[in-house]
Amino acid sequence: MSTPLLVVEDLAVHFARRKAGWFGAPEVVQAVDGVSFTLQRGKTLAIVGESGSGKTTTALAVMRLAPVTAGRIRLGDADLHKLEGEALRAQRKRMQIIFQDPYSSLNPRERAGAAVRSPLDRMQIGTPAEREARVAELFQAVGLRPEQRQLFPHQFSGGQRQRINIARALATNPDLVVCDEPVSALDIAIRAQTLNLLSRLQREFGLAYLFISHDMAVVEHICDEIAVMYLGQIVERAPRRVFFGNPAHPYSVALMSAVPTVQGARQRAAQRIKLSGDPPSPINPPPGCRFAGRCPAAEPACAAEPVPLQEMAPGHWVRCRRVGVAGGRLNGPLQPPAFE
């Protein structure tokens with residue numbers, strides 16, 4: 001296998017909180033705690049999980065938009081976690097981000113063409129004529145008309161605004177694009193168009209996507225590999241077909257049981273695993289499995305002893321003491337839902 005484009009090892013992102021009063025003990029929010037993964041050039045790794053799982057913070061840390069408390073982030077031959085100032089700025093052209101909200105991520109007083117050209121201007125890439133040619137090329141690539149470069153954001157639909165954001169992210173010809181829930185604010189029909197656009201651009205430009213989402217149906221459509229996060233940790237990571245064919249961690253099975261389907265809706269509703277309670281506080285996470293308090297299959301030892309993320313089968317990593325291997329197949333404590 002070729003050398004990965006992105007390598008993340010034992011990433012931790014902790015945020016200090018103010019003391020509660022003069023004599024209160026300082027508190028630290030462990031938003032991300034020991035996350036590791038790799039991403040190949042031209043591939044898509046999806047990170048999924050419920051709100052507060054740490055998936056967006058992980059992506060922001062990779063982009064160096066969130067502080068890195070510990071760990072290692074390597075993009076190609078550059079150690080991003082060590083870079084500061086001008087050295088970090090020089091690497092920005094290699095990694096770009098598409099934000100979730102297509103409305104607030106554009107300056108309402110800046111024309112669409114200027115928004116796409118702004119990364120080229122800030123990083124002084126090419127001559128003014130070359131920058132204009134690049135903007136025209138990108139507008140065509142994302143399916144926008146040349147004359148629309150003179151329009152303001154309020155003159156576009158939500159889907160068109162996200163196309164502008166995609167064009168802006170591609171302006172510097174990056175190697176890595178972080179997609180932070182890029183279709184969650186769009187209508188269903190526009191979501192499909194945007195996902196197809198992202199897939200086409202990935203093939204044309206050889207892009208690697210770090211795709212953040214909570215929508216398992218969207219993830220299944222676009223990802224090559226999936227990582228499931230819970231309370232700052234990856235609990236399962238596997239190739240797309242392996243994961244969707246046989247999710248092993250109880251939290252992954254619970255997520256999959258909530259995926260809506262048109263066919264077999266009543267059967268899926270009967271199979272749905274309803275989790276009780278809320279996730280533990282990231283300020284004081286439990287000593288054992290962080291999902292044990294909500295897991296329908298938890299044993300006393302689960303809450304007492306931490307479990308490392310282990311490669312239980314080739315390419316299939318799971319953080320659960322109750323997952324075993326029989327006949328080359330992973331067997332978890334919960335039965336995965338049947339898809340029709």
Shape descriptors of the chain over alpha-carbon atoms, Rg and Dmax in angstrom, are 21.3, 67
Dipole check, the chain, charges on Cβ (K,R +1; D,E -1), about Cα centroid: among Val177, Val28, Pro306 the Cα furthest to the positive pole belongs to Val177
For the range 37-115, listing GluC sites (Glu not before Pro) in a DSSP loop whose Cβ sees at most 14 other Cβ atoms within 10 Å gives Glu84, Glu110
Out of Ser199, Gly232, Phe244 - ranked by how far each Cα lies towards the positive end of the dipole of the range 135-251, with unit charges on the beta-carbon of charged residues - the top one is Ser199
Phi angles of the range 206-216, converted by Karplus (6.51 cos²θ - 1.76 cosθ + 1.60, θ = phi - 60°) into ³J(HN,Hα) in whole Hz with x for Gly and Pro, give x, 7, 9, 10, 9, 9, 9, 7, 10, 9, 5
Descending packing, highest mean Cβ count within 10 Å first, for 69-75, 206-212 is 206-212, 69-75
The convex hull of the Cα atoms of the range 132-285, divided by residue count, gives a volume in Å³ per residue of 162 Å³
In debye to the nearest 20, the charge dipole size for the chain, taken about the Cα centre with +1 at each Lys and Arg Cβ and -1 at each Asp and Glu Cβ, equals 340 debye
Sequence order, the range 295-311: Karplus ³J(HN,Hα) from phi using 6.51 cos²θ - 1.76 cosθ + 1.60, θ = phi - 60°, Hz rounded, Gly and Pro as x, gives 7, x, 10, 6, 10, x, 5, 4, 7, 9, 10, x, 10, x, 6, 10, 7
Ranking Gln150, Ala112, Val68 by how far each Cα lies towards the positive end of the charge dipole of the chain (+1 on Lys and Arg Cβ, -1 on Asp and Glu Cβ), the top one is Gln150
Taking His14, His214, His316, His154 and ranking on accessible area (1.4 Å, protein atoms only), highest first, one gets His154, His214, His14, His316
Once normalised by the length of the chain, the mean sequence separation of its alpha carbon contacts under 8 Å that are 6 or more apart gives a contact order in percent of 19 percent
From most to least accessible, 1.4 Å probe, no ligand or DNA/RNA atoms counted, Arg203, Arg168, Arg321 line up as Arg203, Arg321, Arg168
Over its alpha-carbon atoms, the range 85-198 yields an Rg and a Dmax in Å of 13.6, 42
For the chain, the count of lysine pairs 8 or more apart or interchain whose alpha-carbon atoms are under 29 Å apart comes to 8
So the carbon and sulfur contribution to the accessible area of the chain, 1.4 Å probe, in percent, is 51 percent
Eigenvalues of the alpha-carbon gyration tensor of the range 1-78, times 5 and square-rooted, give semi-axes in Å, largest first, of 30, 13, 9
Given a 1.4 Å probe, the accessible area of the chain per residue, as a whole number of Å², is 49 Å²
Plugging the Cβ-Cβ distance of Ser281 and Arg41 into 1/(1 + (r/R0)^6) at R0 = 51 Å yields, to the nearest 0.05, a FRET efficiency of 0.85
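The values are calculated or read from the model by the stated rules, or taken from the named source; none is laboratory data. Predicted, not measured: the structure shown is a model, and the values here were computed from it. In this analysis, Cβ positions are derived from the backbone assuming ideal geometry, glycine residues included, and neighbour counts consider all displayed protein chains. Surface areas here come from the heavy atoms of the whole protein model, side chains and all, with no ligands, DNA or RNA. Shrake-Rupley method; radii C 1.70, N 1.55, O 1.52, S 1.80 Å.
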